[in-house]
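Structure first, then comments.
The values are calculated or read from the model by the stated rules, or taken from the named source; none is laboratory data. Every value quoted in this text rests on a predicted model; they were computed, and no experiment measured them. Positions of Cβ are generated from backbone atoms using ideal geometry, with glycine treated the same way; all protein chains shown enter the neighbour counts. Surface accessibility is based on the protein's heavy atoms, side chains included, excluding ligands, DNA and RNA. Shrake-Rupley method; radii C 1.70, N 1.55, O 1.52, S 1.80 Å.
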Amino acid sequence: MRMSRWGKNLIAVGITACVLAAFLFGYLRVNREYPPAERCVYTAGDTFTVNDLEIQNNGGELVTVPQLKERFPDAEMPSMIVNGQPLPEEKIRILLASVRVRTLSETATLSSLYTTGARSGAWRNGMDFDLYLQLNPSLEPDAEGYYNLVMPYEVYSLQFHDKDWKQIDSRTFELVFSMYPVENVMRLDA
């Protein structure tokens with residue numbers, strides 16, 4: 001027995017409605033169980049806690065390679081090779097975030113800072129760990145138990161459109177310490 005075109009269309013509509021209902025049910029269930037992250041933004045001078053670390057935002061700055069050489073003459077300077085040639089120094093910036101950190105438990109370690117990412121608009125980058133070790137050679141706490149650290153992130157011109165790179169020194173950058181359930185963001189007015 002052959003099914004009419006009307007019957008086939010009715011079955012197709014029924015199946016489509018069931019698939020859409022299942023998708024909508026799943027969508028609503030997931031969003032009810034996992035609501036959007038709460039966004040907490042900390043500006044210069046603010047102190048916050050994440051991963052059993054008390055972190056004070058001491059600000060940040062975007063420096064050129066010559067400025068980095070002047071401040072840290074013994075550090076190996078960041079470079080990038082593009083098509084077999086080094087990227088000129090004027091096409092490189094280094095974002096330096098200054099933080100004061102104290103561990104709040106015996107299990108807390110500074111290593112959780114190493115995964116902190118920097119961002120500005122669509123741009124993202126991870127910490128330059130080798131440069132971090134050069135800028136923070138002792139990694140010892142002060143008399144009050146605080147670590148005074150500089151967290152470096154490399155910023156290259158090839159990561160931006162030309163018009164955005166021309167304004168790179170006036171961009172706002174931030175560090176992201178956690179994403180969910182709370183997005184802890186440290187704003188750097190570099």
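Quick rundown of the values:
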| read-out | value |
| --- | --- |
| Single residue of the range 1-40 satisfying the filter (open to solvent by less than 100 Å² (accessible area, probe 1.4 Å) and touching a strand residue (DSSP E or B) at 6+ places or on another chain (Cβ under 8 Å)) that is modelled with the highest pLDDT | Cys40 |
| Residue in the range 142-152 that is at pLDDT 90 or above and assigned to a helix (DSSP H, G or I) present | no |
| Pairs, first without any contact (Cβ under 8 Å) to a residue 12 or more places away in the chain and under 16 Å from Thr49 (Cβ atoms) in the range 161-190, second part of a loop (DSSP other than H, G, I, E, B) and among the aliphatic types (A, V, I, L, M), C-beta under 8 Å, six or more apart | none |
| Of all residues making up the range 135-160, the number that are without any contact (Cβ under 8 Å) to a residue 40 or more places away in the chain, within 25 Å of Thr64 (Cα to Cα) and not polar (S, T, N, Q) | 3 |
| Candidate set: the range 22-68, residues that are in contact (Cβ under 8 Å) with a residue 60 or more places away in the chain and β-branched (Val, Ile, Thr); chosen: the one farthest from Leu87 (Cα to Cα) | Val50 |
| Residue count, the range 166-190 (criterion: in contact with a helix residue (DSSP H, G or I) (Cβ under 9 Å, 6 or more places away or on another chain), open to solvent by 10 Å² or more (accessible area, probe 1.4 Å) and more than 13 Å from Val99 (Cα to Cα)) | 2 |
